[in-house]
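Structure first, then comments.
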């Protein structure tokens, strides 16, 4: 049996261990079922997630034109502090930006390699932490819009990393740190505008277990543009990465918009 379709990030279910699903137009695959088995993934072409045209993917699943125009690819996505919908100021599409920016956001600490600070919409808890391969996470503040979350992250970035070391994450080389204690140390670092939103809950530490049989000692990224067909034994899934027995890792997010066949 084979599966064929356009790659999008794996959908996840918060379970023990986390369950992963590849969802295609006419089928879906519980990827956990492939762990311990050999299979092949082969590149078939491109399909932009925005316009649906068979154009080369530029970034984030979009062709170049859509990446430069789409409201869901604005700079405020990666830099929340640039959000302006709360001021009624449009970047690319004010209606879309209000819908996304003007909703509760969480600023958090997570352990995926070192302790890092990040931002996510409240509706994306704990999905965001799963996607980055965090083994633990704890909220710091819940604020009513993306801008406030962004300036909080900026204030904390001089004290904590804001990116995951993906190689350490995949090798399960994770720092040991008490996130609840760490949260107590940072209240004085928060911007005055968000201090009233500081979390004081004691039992809100999230712990995440991934379906991995064996972590690699070294990792090598699979690039479908350079290696259009790859086969190997799947040893686990962490973040949005497939981990193979030979140390090859495949980041699904990087290749969103690629049409693949899995057999």
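The values are calculated or read from the model by the stated rules, or taken from the named source; none is laboratory data. These figures come from a predicted structure and were not determined experimentally. Methodologically, a virtual Cβ is constructed for each residue, glycine included, from the backbone with ideal geometry; neighbour enumeration extends over all protein chains shown.
Candidates 263, 245: the one that is surrounded by fewer than 18 Cβ atoms within 10 Å (Cβ to Cβ), more than 21 Å from residue 24 (Cα to Cα) and touching a residue at least 12 places away in the same chain (Cβ under 8 Å) is 245. Mind listing whichever residues of the stretch 27-50 are at negative phi and loosely packed, with under 14 Cβ neighbours inside 10 Å? If the condition is that a residue be at negative phi and loosely packed, with under 14 Cβ neighbours inside 10 Å, then 27, 28, 30, 33, 37, 38, 40 are the ones that fit.
Taken over the stretch 72-91, the criterion of being surrounded by fewer than 17 Cβ atoms within 10 Å (Cβ to Cβ), in contact (Cβ under 8 Å) with a residue 12 or more places away in the chain and within 27 Å of residue 10 (Cβ to Cβ) is satisfied by 75, 79.
Okay, residues lined up against (1) closer than 28 Å to residue 12 by Cα; (2) assigned by TED's automatic domain parsing to the domain that holds residue 244; (3) touching a strand residue (DSSP E or B) at 6+ places or on another chain (Cβ under 6 Å); (4) surrounded by fewer than 16 Cβ atoms within 10 Å (Cβ to Cβ):
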site: 135; (1), (2), (3), (4): yes, no, yes, no
site: 147; (1), (2), (3), (4): yes, no, no, no
site: 159; (1), (2), (3), (4): no, no, no, yes
site: 166; (1), (2), (3), (4): yes, no, no, no
site: 169; (1), (2), (3), (4): yes, no, no, no
site: 178; (1), (2), (3), (4): yes, no, no, yes
site: 186; (1), (2), (3), (4): no, no, no, no
site: 193; (1), (2), (3), (4): no, no, no, yes
site: 218; (1), (2), (3), (4): yes, yes, no, yes
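Return yes when residue 70 is closer than 27 Å to residue 133 by Cβ and in contact with a strand residue (DSSP E or B) (Cβ under 9 Å, 6 or more places away or on another chain) and no when it is not. Criteria met by residue 70.
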